[in-house]
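First up is the structure itself, then whatever we jot down about it.
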Protein chains: 4
Amino acid sequence: MGNYFGKLFKVITFGESHGVALGCVIDGCPSKVKITPSIIQEFLNKRKPGQSQFTTSRDENDTCEILSGVENGITLGTPIAILIKNKNQKPADYDDINNVFRPSHADYTTFVKYGVTAKSGGGRSSARETVGRVAAAAVAKSFVKQNFANIEIISFVDRIYNIQAQVDTNKVTEQEVEESLIRCPDKQAEVLMKEKILAAKAEGDTLGGVVCCVIRNVPTGLGEPVFDKLEANFAKAMLSLPASKSFEIGSGLAGTYLTGSEHNDEFYLDAEKNIHTKTNHSGGIQGGISNGMPIVFKVGFKPVSTIFKKQNTITKQMEEINFTPQTGRHDSCVLPRAVPLVEAMAWLVLAEHILRRQKNHL
Amino acid sequence: MGNYFGKLFKVITFGESHGVALGCVIDGCPSKVKITPSIIQEFLNKRKPGQSQFTTSRDENDTCEILSGVENGITLGTPIAILIKNKNQKPADYDDINNVFRPSHADYTTFVKYGVTAKSGGGRSSARETVGRVAAAAVAKSFVKQNFANIEIISFVDRIYNIQAQVDTNKVTEQEVEESLIRCPDKQAEVLMKEKILAAKAEGDTLGGVVCCVIRNVPTGLGEPVFDKLEANFAKAMLSLPASKSFEIGSGLAGTYLTGSEHNDEFYLDAEKNIHTKTNHSGGIQGGISNGMPIVFKVGFKPVSTIFKKQNTITKQMEEINFTPQTGRHDSCVLPRAVPLVEAMAWLVLAEHILRRQKNHL
Amino acid sequence: MGNYFGKLFKVITFGESHGVALGCVIDGCPSKVKITPSIIQEFLNKRKPGQSQFTTSRDENDTCEILSGVENGITLGTPIAILIKNKNQKPADYDDINNVFRPSHADYTTFVKYGVTAKSGGGRSSARETVGRVAAAAVAKSFVKQNFANIEIISFVDRIYNIQAQVDTNKVTEQEVEESLIRCPDKQAEVLMKEKILAAKAEGDTLGGVVCCVIRNVPTGLGEPVFDKLEANFAKAMLSLPASKSFEIGSGLAGTYLTGSEHNDEFYLDAEKNIHTKTNHSGGIQGGISNGMPIVFKVGFKPVSTIFKKQNTITKQMEEINFTPQTGRHDSCVLPRAVPLVEAMAWLVLAEHILRRQKNHL
Amino acid sequence: MGNYFGKLFKVITFGESHGVALGCVIDGCPSKVKITPSIIQEFLNKRKPGQSQFTTSRDENDTCEILSGVENGITLGTPIAILIKNKNQKPADYDDINNVFRPSHADYTTFVKYGVTAKSGGGRSSARETVGRVAAAAVAKSFVKQNFANIEIISFVDRIYNIQAQVDTNKVTEQEVEESLIRCPDKQAEVLMKEKILAAKAEGDTLGGVVCCVIRNVPTGLGEPVFDKLEANFAKAMLSLPASKSFEIGSGLAGTYLTGSEHNDEFYLDAEKNIHTKTNHSGGIQGGISNGMPIVFKVGFKPVSTIFKKQNTITKQMEEINFTPQTGRHDSCVLPRAVPLVEAMAWLVLAEHILRRQKNHL
């Protein structure tokens, strides 16, 4: 049941990492939203690896086909099916891992749950699965932007291992992020992060860190009071990403070290009598509903599980072995590539709640 | 739409904090689950405030009525409606706050979203709303325990402000937690935490912190590979609690400071050839699916927004004022009372995924 | 899972026929809809039996309590819980039937499905369950009417046994229907129907028939092209009513005896250049979407299963017996009382699709 | 929202009649179900038109590609995406109809709802859309048959225009149905039906009728007491088919002419002490739940709207015109081709409820 996301802007993704194709179907996108393959392609290009020495050399040069739901560059109000064919299937690369439960991968749990696993590479648990989400997010973004032209989502690498960037979330631009090979807009931190990544890579090891996401020019009234609090749905969205370990909204964990009088966001009126808060510890969401201030959250990602070092593990025949993967193309640090995934999920959450918001009151 | 939780074990809660009654309806609980009012009452009692000087003096001495779905102490397979009447409605207590948007409360966002708000006290955004969840969780717990008798969920206060407890999640018992007035099983930390709470209370201020939750004797195979990863649903559940700010699974944020070779959980076989991991940085979940190791997660809560200090804010007439609440009964630190709420949501997530698990393969 | 109806205007009902209470919770009703107990009571009064010799003498003089979601006569946008207490529990009346599977009742199937049944009377399969739907429908109606003031739903008895009424669906009024004790606005047919009912009653037997429902002043654009065709959702709604056996939209079965050239509804423009169809065999719905013409459908109901004649059946101990119910208060003909149920379900379907319709295109 | 069907065995279909491709994605099919392209192809072949002079000459010689969810002939428990490319796109055939609202088609309602329509041919309202359902149904059938090997669904043409077949639903075989070019197993009626169809075709006119469906060897306990009564979900499924006008369960409309004493199905025990009913007016469903007797229902289909006769209608520019379609390939009688569609939807309903049934009681 867990392959769809959203209730009104409902996205289902499909496809195994080494299967014929991956993709998504979107049900609930209104008609007359402008969609072209290039809009989706731009999103897919941001996601694809192999862009530098800091990410995997695996070539996921994906191109998309829109199978339905769009004609003459606009949506019809019908389901939008998008297909991304796997061009680069190399199951042979993974032959050595087919029979072992790789530590901290999904091999073991998938096997015990389903009694069968997809051929090499992780199936639906592979990061490859996210290509369908990213395609859907391109549609979500177009829909959202046609409703709220000024809304923008900017994600960036906030920390890798112990190197913390200093970034002003009110000012950071997408361009600053994309100019960085590792998507960290703090140039000083970037240098240190790159060194860390290359050092880890040299040792066959991997690093984790944190992605920060800011959403600016948000309309008020997104989210609902109880189970579908906006931050609850962001949390679910982010923890559904491979390798994610934590979610913090607004002041997050740091906020739990403040007192109430330090943490409360006092309201004030600007010259045009618009309401704002002096601080934004709430991260743009109060009582589960957006208050018009920037939404800010952070997502932690663990160091990638695929390392090129000897580890103890178990085979499918339940025998203990030593295991060192010899092949496979993987990231030493997933953070740069996690940035567009965080953005993608954020667009999906926004699209859902913008659709819901239209029906709040008469 | 956001007032129900779960797809198979579906819970809807209703009720405003100062309305006639609150409660829940559960659709999807199988028949023949043992339920008595006392099972639910025990859960409600854990939740109720007014238990010590460390929590609000508000008397929420709730009693439940089972309206449907249960006869002769067992469920019928029909919807279970549970009612908790509001005995202690004192809207007058809140008269001074009816016209202001209290800082960091849901007053403003609720008003802009719905154009109307419930009478004093926060309506559905009040912590009072959680009484319905707790009642539902009692049913969920009974269902889960009848399927997996040894499963146990233990939550405790892990940190208040900057006082960090040291607790062994493999050994901590519910009794140790409940023996502590503030639900911190580390007796040394408990002393310091109490001092901090009383000091904050004396100043009309509030404190935040972290609740840790461990689930032991978990069956393998709970959770699904993509959007309904088990940790994603825990994250959503926890971020739907009032005042929650963060969620961490397993090693959490600390894990993002490790390398992959440090972080990976190697598999091994015990004497009975059962599979385990040497470490548990994964927090009992790999690829979104439980692996049989203890599930461990942490939830951060901000300092409560209701402080008894002067603050700047805005009225519903959009005028700036100074505001100091004179009355109302509130917690100086929500952490002790958050413990049973975290547990309640965890039971709901487990019940959902245990129902789903029954259909994994032929 | 099957106790809720709708996706956006989501209604869950609860309560066993002889339990403490029945009711509903509505999630998704926008704020600022006018609701008073009297609006709901009016609907409940239409539903209640005991109104004449033509219906059961059981006293279901239901009164409702609004527990949540409404303040000062308007909805808050939060869940609306409505409670109807069972005043008239007489399980003793049904003692003789507790141990047998009554022919054509739900006793047997409920028992094999759940392994347990509610105490006497049918539990959730009793017509009593519909009281929650009717209460929810009153809210749905208020919501719909505030959006489309002229919309009206009129249901009436179209046939009882073999007595067919002649009614012009374009002209029939609610008043004409309600003036008839058996809700048949054709006064000639009404006389014959009453005779048939009394004759059946005298023999301890029961009669079936057909309810017709017309919805006038319908906005265009309700319904969706594939699985949620408007008629599909009406069909589901109506077949979910106790004792219903058939559903026909527009020309219905009679239309299957026409040729395409006879059946097609030609379009024309009126003086104001508004589009209409010359005939309305489509019943106001084309391709699953309302076209602005009156929606007309018919629902068949079987003769009630509770008869006061000797029948062969089986006990819970799987022994064959002869069985004649001695007590219990039941309708000889359910049709008059089915009229408000058909209306109630129709309002729920309309509310759902009016909410959905708001998001069709940008 | 209306493009998916089912909650546990969830199917979403996509594709416009003249777009690149159509298909479906299934979420919720358990792992280890045997699926090969030939299983799906067999179902597609039953559906395809152009099989005789009695159906459209349009060549829909569809072949399917399984894109995901299946490896080595078994399902993985992941989403199953199936693609059917449109080989035979001839939008030119429909040029003359692009600008008119064809009477009793979905052209007008789609246009007013979405403000845009798919290029010629009906888009999602075309019968072409059903190809995705049929592909999904092949998977559903495999799943169901692996759980209940003896279950069988047989649909057949019960009536065309005024020619009523006489068929014993307890005995009719799939072979008897498939041996008939028009899928009517009553050979005498078949002759008359063929004559009627050819006569209508000669006049450019069309005919409607009724499909009957019987499901034998049904397990008890499918369906739920209130909104998801098994017959309610069958009704929704069938009324979601293009051109369907009516649904009857068991005795259906004929049953409404019986008295309760005639209609009630008395229970008895067979030699092995298994429970049965003497008659089956209930159509195998009581209180919304299957009782183990054959499920029997009938679906009425109107005469196809595409006729080759002059009709009055309106253009998109809101001008009245005379309109006679010159081209396009259409059925004179949709009934023979409706048979596999009824079957397909029935398999989807069964798969859904078999999955749900596994969780009835502990």
Globularity ratio of segment C:200-250, using Cα Rg and 2.2 N^0.38 Å: 1.56
What is the average number of partner chain Cβ atoms found within 10 Å of a Cβ in A:310-318? 4
Helix-only [θ] at 222 nm, chain B, -39500 (n - 2.57) per DSSP H run of 4+, per residue, nearest 500, equals -8500 deg cm²/dmol
With chain A rotated onto chain C, spot the residue of A whose Cβ lies nearest the axis and note the distance in whole Å. A:Q358, 3
Links exceeding 32 Å between C-alpha atoms in this model, out of A:K236/B:K273; B:K34/C:K85; B:K236/D:K34, come to A:K236/B:K273; B:K236/D:K34
Given a Förster radius of 22 Å and the C-beta distance between C:Y268 and C:N217 as r, what FRET efficiency does 1/(1 + (r/R0)^6) yield to the nearest 0.05? 0.70
With x for Gly and Pro, the residue-by-residue ³J(HN,Hα) of segment D:6-11, computed from phi through the Karplus equation 6.51 cos²θ - 1.76 cosθ + 1.60 at θ = phi - 60° and given in whole Hz, is x, 10, 9, 9, 9, 10
Charge-dipole axis of segment D:266-340 as Lys and Arg at +1 and Asp and Glu at -1 on Cβ define it, positive-most pick from D:I307, D:F267, D:V334: D:I307
Tell me the volume per residue, in Å³, of the convex hull enclosing the alpha carbons of chain A. 155
Mean separation of Cα contacts under 8 Å, 6 or more apart, over the residue count of chain A: relative contact order %: 22
Long-range amide H partners of B:D158, meaning residues 5 or more apart or on another chain whose placed amide H is closer than 5 Å, are B:V210, B:V211, B:C212
With respect to the cross-link table entries C:K187/C:K302; A:K7/D:K10; C:K310/D:K278; C:K7/D:K141; A:K32/D:K7, which display a Cα-Cα separation exceeding 19 Å? C:K187/C:K302; C:K7/D:K141; A:K32/D:K7
Per residue value of the accessible surface for segment A:219-332 (all protein chains in place, 1.4 Å probe), Å²: 30
Please give the peptides B:24-34, A:282-292 ranked by average Cβ packing (other Cβ atoms within 10 Å per residue), highest first, as a rough proxy for protection. A:282-292, B:24-34
Could you pull the Rg and Dmax for the protein assembly as shown, using just the Cα atoms, both in Å? 31.5, 95
Cα-Cα pairs above 20 Å in segment D:179-286: how many percent? 60
Rank these by accessible area, largest first, 1.4 Å probe: C:M293, A:M193. C:M293, A:M193
Residue by residue through segment A:99-112, the couplings from Karplus 6.51 cos²θ - 1.76 cosθ + 1.60 with θ = phi - 60°, in Hz, x for Gly and Pro, are 9, 10, 8, 5, x, 6, 9, 8, 4, 5, 5, 4, 5, 6
Rounding to the nearest 20 debye, state how big the charge dipole of the protein assembly as shown is about its Cα centre with +1 on each Lys and Arg Cβ and -1 on each Asp and Glu Cβ. 0
Could you tally the net charge around C:F43, taking each other residue with its Cβ under 11 Å from the Cβ of C:F43, Lys/Arg +1 and Asp/Glu -1? +2
Once phi is turned into θ = phi - 60°, what whole-Hz ³J(HN,Hα) does the Karplus curve with 6.51, -1.76 and 1.60 give for every residue of segment B:176-191, x standing for Gly and Pro? 4, 5, 6, 5, 8, 4, 10, 6, 10, x, 8, 5, 5, 4, 4, 4
Taking one equal scatterer on every alpha-carbon of segment D:139-231, how large is log10 of I(q)/I(0) by Debye at q = 0.13, 0.14, 0.23, 0.24 1/Å? -0.58, -0.65, -1.11, -1.16
Using a 1.4 Å probe and counting only protein heavy atoms, arrange C:K171, B:K201 so the residue with the most accessible area comes first. C:K171, B:K201
Averaged over peptide C:129-138, how many Cβ atoms belonging to another chain are found within 10 Å of each residue's Cβ? 1
Chain pair B, A: how much accessible area is buried, both chains summed, with a 1.4 Å probe, in Å² to 100? 8700
Taking each residue of D:217-225 in turn, how many C-beta atoms of other protein chains fall within 10 Å of its C-beta, and what is the average? 5
Ignoring ligands, DNA and RNA, what percent of the accessible area of segment B:108-261 is carbon or sulfur (1.4 Å)? 49
Report A:T313's accessible area, 1.4 Å probe, all protein chains in place, as a number in Å² to the nearest 10. 0
Report, by chain and number, residues whose modeled amide H sits under 5 Å from the one on A:K245, excluding near sequence neighbours (fewer than 5 apart, same chain). A:G300, A:F301, A:K302
Kindly state, as a whole number, the per residue volume in cubic angstrom of the convex hull around the alpha carbon atoms of segment D:245-362. 211
Give me the percent of the accessible area of segment A:268-362 that comes from carbon and sulfur atoms, probe 1.4 Å, all protein chains in place. 49
Nearest-0.05 FRET efficiency for B:N99 and A:E203, computed from C-beta distance (R0 51 Å): 0.25
Count the DSSP beta bridges whose two residues both fall in the protein assembly as shown, then state the antiparallel fraction as a percent rounded to the nearest 5. 95
Just want the answer: with Cβ charges of +1 for Lys and Arg and -1 for Asp and Glu, which residue in C:I35, C:C184, C:G19 is farthest toward the dipole's positive end in chain C? C:G19
Would you mind giving the three semi-axes, in whole Å and largest first, of the ellipsoid equivalent to segment D:85-216 according to its Cα gyration tensor? 33, 23, 13
Amide H of B:N86 versus every other amide H placed in the peptide plane: which residues, excluding those fewer than 5 positions away on the same chain, fall under 5 Å? B:A21, B:L22
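The values are calculated or read from the model by the stated rules, or taken from the named source; none is laboratory data. Because the structure is a prediction, the values reported are computed rather than measured. When we count neighbours, we look across all protein chains shown, and the Cβ atoms used for this are built from the backbone with ideal geometry, even at glycine. Protein only, heavy atoms only, side chains kept; ligands, DNA and RNA dropped before computing areas. Shrake-Rupley method; radii C 1.70, N 1.55, O 1.52, S 1.80 Å.
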